[in-house]
Amino acid sequence: MEPLLTIDQVTRRFGGNVAVSGVSFSVMKGDITGLIGPNGAGKTTLFNCMTGYISLDAGTIIFEGRRINGKRPDQMCRLGMVRTWQRVKPLGKLSVLENVMIGAFVTTASPKVAGKASLEQLQAVGLDRYADQPAGTLPIGLKKKLELARVMATRPKMVLLDEICGGLNHAETESVLDIVRMLRKRGVTILFIEHDMKAVTSICDRIVVLSSGEKLAEGTPEEITSHPAVIEAYLGGGYHAQG
Amino acid sequence: MKKILIPISLLLLALFLPELVGRNPYFTGIMINVLMMASLASAWNIPGGYAGQFSFGHAAYFGAGAYTTLILLSGNPIDPLLALLAGVVTASLIALITGSIVFRLRGHYFALASIAVAEIVRLSVLNLQFTGGAQGILLSDLTFHGIDLNSKIPFYYGMLMILVLSMGTTAYIQSSRMGYYLQAIREDQDAAASLGINVALYKNRALLVSAALSSVTGSLYGLYIRFIDPGAVLDLRLSIEIILTAIIGGVGTIWGPVLGAILLVPLAELLRSNVIGDTLISMGIVSDVSPVGHFFKEGLAHAHVLVYGVITVVCILFMPQGVLGITRRRK
Amino acid sequence: MLIIQSLVSGLLTGGVYALAGIGMSLVFGVMNVSNFAHGDLMMLGMYLAYFAFTLLHIDPYLSLVLILPVSFLFGFLLEKLFVSRVIHHPHQNQILLTVGLGLIMSNSALLAFTSDPRILTTTYSSSSVMIFSDVSVSVPLLLSFLVTCAITALLYLFLARTRTGMALRATSQNREAAQLMGIDVSKMSAITFGIGTGLAAAAGALIAPVYYIHPMAGHNFLLKAFTVCVLGGLGSVPGATLGGLIIGVVEAFSATWISTDWKDVVVFMLFLAVLLFRPQGLFGKRGGE
Ligand SMILES: Nc1ncnc2c1ncn2[C@@H]1O[C@H](COP(=O)(O)OP(=O)(O)O)[C@@H](O)[C@H]1O
Ligand SMILES: [Mg+2]
């Protein structure tokens, strides 16, 4: 197994606030890696750094053996690293199908080919019924699935999922997790920010824990759920109470 | 089939329109203005309606075309077509400079910067020597491959060609990847970038195409009117009229800008020419000497921009999608 | 001494630009709206001062006591009736709405007052005082500047000391958080637009004695107010204050050493340069993203 992504001593400040502080870890090809931590731990900021939305103050990010600091978001997408958004960003006036086509255009310039490929992605996530509806009118659960379909249409090597289950009920969460498993079967490497511990432990091969911008722990789900510092800082009694 | 039938029959109608009005110079003049505004609004619509980048300085590209062409032709026996191409080059340069400064920024900045660039162009033309300054430029004689250019008819067909070119370009962009990309940028820049769209590049392309089309329109207008000054072709008011035409018709559609021009230009003409006031007075509805009559006769002639203002406000408040709206296209 | 002369008259004019810029910046900060009618509101202020002087024989500087409340009310109503309806729309709609309102104002003025420029001539219009040995200062400009300082000081006090002022600043910092804290943000918007309009009209009234008053005067001022705002950072009141002074001086220097014809070009070039090199402005609140 070789790492697809290596994050080395990455630091990002906002004024005096250090949002990400000297974080290092690697993501293995084909794995689902969980990135967890309390609100404000710096998870989304790390995603923003990796996908070129904000610059790093220090550190390096290596993707497929290449240093990718300073690349633009669209370049990262074309290199094969694509993200979803914690606050979903549907292209509201475009139809659901057209939203996915925007992703598919990474692989082809032909609207016809992109349309066909996109319809397949919509079927894969179960949104094909809504293909002609404006994306802005979907309920939140379906918008999250649309984010996934859009990302899948770019034929990524690695996807970064930012709280893809946030705000969903149990059934919706399960069906989104099924899509994530399907992605993994297709050979896509996944880095997965999630609050729902049950979702994380059930699906992840490895877990990285952030707290106040720093890496607190890293390991298999079993190691993490029994790690004293993690239980102390993040899970508290809550996780055990939930079972 | 229906999809092609309507445009074809409209085009046929447009081709025979001058004959239908008996080659009447007055009506031909108004129709040239309709075609010109339709073409400008179509060009504006590519970055404005599709990509959501509202330029408030499109007069600069129109004026760049008109000025470059007329400056080159006055005193030089060169082909008007070459002079027109030179206009495209000037306008493209202005577009590239504007785009490279502001397309890294978002929101209000592009609107603001586009005004600033247009004002710099206007003031430069006003204060430079070779542009004729405030006096403007007069083109005394013009020949073009033996066509009689003293009639308005050739310019009618010229403008029609440019409008067809603008609409064709829009239709081509809309049906290609670029059209999807521009609309994605309009809806959400961050999401667009995360899906592999080089946002600045596509905004620049859209502006460049738009500037080139506006410049060609300006060149033909210059040849048609043969006298231009900064107030007529570079004013902020022209930029705003272009936007209103597109907005009222419906942005982000092929036909919206055309519809806007068909509605607005004759309305402006109606107000300017006193037709309304004269009719009301001759019908005895209002008296010539009453203040109301005076207003209709004198005031209304200057009121077309006021009416534009009212229409804009009403339009934004009650139908921000314009008459056509951002319809579902590509059926 | 030419340099000091330019500097002084630049600073004095700059004070009035600052006043106009502050109004616009405040509106941008609190409402996130670019007000394209700002220049036309200044133009209305010019006419108000003119008519107060010619019809009511009130000195233009004293007439501010009337103009400020009247224009505040006008702005408050404009916000309630029109601007508030587009506050959650895309910014293009906000721009177009204010453009439309501006067109209505300028062209109504054109219908009502004709396009003939008017001149407000007071007894002291062309008088000047000497400071130092050979630097002269025009009296109306000096008075304008002093009144500007007074209004700006009052505004700072209002923003820093009163409950409403603090609520305005909180809304400007973070609209959602302010709402959560129980601040009535829609009322804040109306008050802000009222203040913005009041400041624009006051700026218009203050330059009325030294400018031609005509219905289209707003265009030029609109661009200047924007330049002031962007220079100081959209949304920043201290930034707009400093930005106004800088623009005044740049204008005066380019009029002296380049030419009067090109002074606006220099100002707009500066505007583009700021966008290129420091889009967040000198004291920007929102980054140049
Ligand atoms: N654009 C920004 N400007 C200023 N501070 C920010 C910005 N984005 C994030 N932060 C701060 O960085 C910290 C980490 O935030 P974030 O990455 O969103 O956390 P998480 O996603 O783990 O909940 C927080 O303190 C947040 O306030
Ligand atoms: Mg987050």
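Just so you know, all these numbers are worked out from the coordinates, no wet-lab data involved. The shown structure was predicted, so the numbers you read here are calculated from the model rather than taken from an experiment. Here the Cβ positions follow ideal geometry from the backbone for every residue, glycine too, while neighbour counts run over all protein chains shown.
Things to note:
- The three principal axes of the C-alpha atoms in chain B carry coordinate ranges of 66, 51, 45 Å, sorted with the longest axis first.
- Using just its DSSP H runs of length 4 or more, each adding -39500 (n - 2.57), chain C gives a mean residue ellipticity at 222 nm of -23500 deg cm²/dmol after division by all residues.
- Peptide C:59-69 is shielded by partner chain Cβ atoms: per residue, an average of 0 of them sit within 10 Å of its Cβ.
- Chain B: most fluctuating residue of B:G65, B:G57, B:G231 per GNM, C-alpha cutoff 10 Å: B:G231
- Inter-chain neighbour count for C:258-265: the average number of beta-carbon atoms from partner chains within 10 Å of each residue's beta-carbon is 3.
- Between the beta carbons of C:M166 and A:T60, assuming R0 = 25 Å, the FRET efficiency works out to 0.05 to the nearest 0.05.
- For the stretch C:1-47: rounded, prolate or oblate by the Cα gyration tensor [a/c cutoff 1.5]: oblate
- Centroid-to-centroid separation of the stretch B:51-109 and the stretch C:215-231 [C-alpha atoms, Å]: 24 Å
- Our summary gives the stretch C:33-115 a relative contact order of 49 percent, counting only alpha carbon pairs under 8 angstrom and 6 or more residues apart.
- The stretch C:210-221 - phi-based ³J(HN,Hα) in whole Hz, Karplus 6.51/-1.76/1.60, Gly and Pro as x: 10, 10, 6, 9, 8, x, 9, 4, x, 3, 4, 5
- Cα convex hull, chain C: 127 Å³ per residue, rounded to a whole number.
- Cα gyration tensor category, rounded, prolate or oblate, for the stretch B:1-137 with a/c compared to 1.5: oblate
- By the helix-only formula, in which each DSSP H run with n ≥ 4 contributes -39500 (n - 2.57) and the sum is divided by residues, chain B has a 222 nm mean residue ellipticity of -22500 deg cm²/dmol.
- Three-way shape call for the stretch A:140-180 based on the alpha-carbon gyration tensor, with the a/c threshold at 1.5: prolate
- Kirkwood-type hydrodynamic radius, the stretch C:191-289: 14.3 Å, calculated from all non-identical alpha-carbon pairs.
- Extension reserve of the A:N69-A:E120 stretch, reckoned as 0.36 nm per residue once the Cα distance is removed: 15.0 nm
- GNM top mover of B:G87, B:G277, B:G48 - chain B, alpha-carbon springs below 10 Å: B:G277
- Less than 5 angstrom separates the built amide H of A:M28 from those of A:L4, all sequence-distant by 5 or more or on a different chain.
- When you restrict to C-alpha pairs under 8 Å that are six or more residues apart and normalise by the size of chain B, the relative contact order lands at 29 percent.
- Reduced Cα scattering model of the stretch B:161-296, Debye log10 I(q)/I(0), q = 0.11, 0.17, 0.19 Å⁻¹: -0.60, -1.05, -1.19
- For the stretch C:153-204, dividing the convex hull volume of the Cα atoms by the residue count gives 68 Å³ per residue.
- The base-10 log of I(q)/I(0) for the protein assembly as shown, evaluated at q = 0.06, 0.08, 0.10 Å⁻¹, reads -0.47, -0.82, -1.18 [Debye formula, identical scatterers on Cα atoms, solvent excluded].
- For chain A, with +1 on Lys and Arg beta carbons and -1 on Asp and Glu, the positive-most of A:G42, A:A104, A:H195 along the dipole: A:A104
- Per-residue mean of foreign Cβ neighbours for C:273-279 is 3 (Cβ atoms of other chains, 10 Å radius).
- Span from the the stretch B:180-225 Cα centroid across to the the stretch C:12-59 one, whole angstrom: 35 Å
- Cβ crowding within 10 Å averaged over residues, with C:202-208, A:54-60, B:21-27 ranked highest first: C:202-208, A:54-60, B:21-27
- Spin-label pair A:N169/C:W257, simplified geometry with 7 Å Cα→Cβ offset, distance in nm: 7.2 nm
- Among A:V113, A:V180, A:V88, the largest mean-square fluctuation in a Gaussian network model of chain A, built with springs joining Cα atoms closer than 10 Å, belongs to A:V113.
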